[in-house]
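The values are calculated or read from the model by the stated rules, or taken from the named source; none is laboratory data. Note that the structure is predicted; figures quoted are calculated from it, not measured. Neighbour counts run over all protein chains shown; Cβ positions are idealised from the backbone, glycine included. Heavy atoms of the whole protein, side chains included, go into the accessibility calculation; ligands, DNA and RNA do not. Shrake-Rupley method; radii C 1.70, N 1.55, O 1.52, S 1.80 Å.
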Amino acid sequence: MKQVRNKLLILFWTLLLVALLLVVLFETETLSSGLWTGQLTAEFLCRCFMEVLTLAGVWLALRLMHFQKVHADLMQRKEAALGKWATLRLLLLELPMVVNTLLYYMYMQTTYGYMAIIALLALPFVYPSKSRCQDEVEEEKIEKERVGDVKEEEDAKP
């Protein structure tokens, strides 16, 4: 479990630092910003694609471990499955964040900056802490949550 968590932490911090490095390089004018500002059609298509990708990625990353197929895999293969699914979850959040950061500076369009911030704000909910890694491969806690959800739904019915 420790090796899987260390790999996840490396991925988490590496992609976060890449986004921060991009910000520093563009803000210090080491890299030129606004190079693609005249390409309106490409900007529109890119913005539409990144909006869908970012918002769908955030939703999927936050719900991923609750899908039945993923949950069953986590219960059977534990560490191997955790490495696979938690890596996917981090990539769903951090890759669009890095791309949106880059596109913000290339187009100088605030939409990309806001989408990068949305992904950044979702990161604490998937931080690969020791307790989170253990909780995601334990049957009891997740089953209790599901039973609690079912009871709440039954109680809400008239």
*By how many degrees, 0 to 90 and rounded to 10, does the Cα axis of helix 139-156 deviate from the longest principal axis of the chain?*
90 degrees
*Compare the Cα positions of LEU92, VAL137, SER33 along the charge dipole of the chain (+1 at Cβ of Lys, Arg; -1 at Cβ of Asp, Glu; about the Cα centre) and return the one farthest towards the positive end.*
VAL137
*Work out from phi, with θ = phi - 60° and the Karplus expression 6.51 cos²θ - 1.76 cosθ + 1.60, the ³J(HN,Hα) of each residue of the stretch 3-12, listed in order in whole Hz, and give x for Gly and Pro.*
5, 4, 5, 4, 5, 5, 5, 4, 4, 4
*Roughly how many Å is it from the Cα centre of the stretch 1-73 to that of the stretch 77-106, as a whole number?*
6 Å
*Using a 1.4 Å probe over the heavy atoms of the protein chains, calculate the carbon and sulfur portion of the accessible area of the stretch 1-140 as a whole percent.*
67 percent
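Looking at the chain from every direction and averaging, what is the projected area of its Cα convex hull in nm²? Show your work: numbers first, answer last.
Numbers: hull surface 47.0 nm².
Result: 11.8 nm².
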*Give me the accessible area of THR41, 1.4 Å probe, in Å² rounded to the nearest 10.*
100 Å²
_Surface accessible to a 1.4 Å probe, GLU138 within the full protein complex, Å²_ = 80 Å²
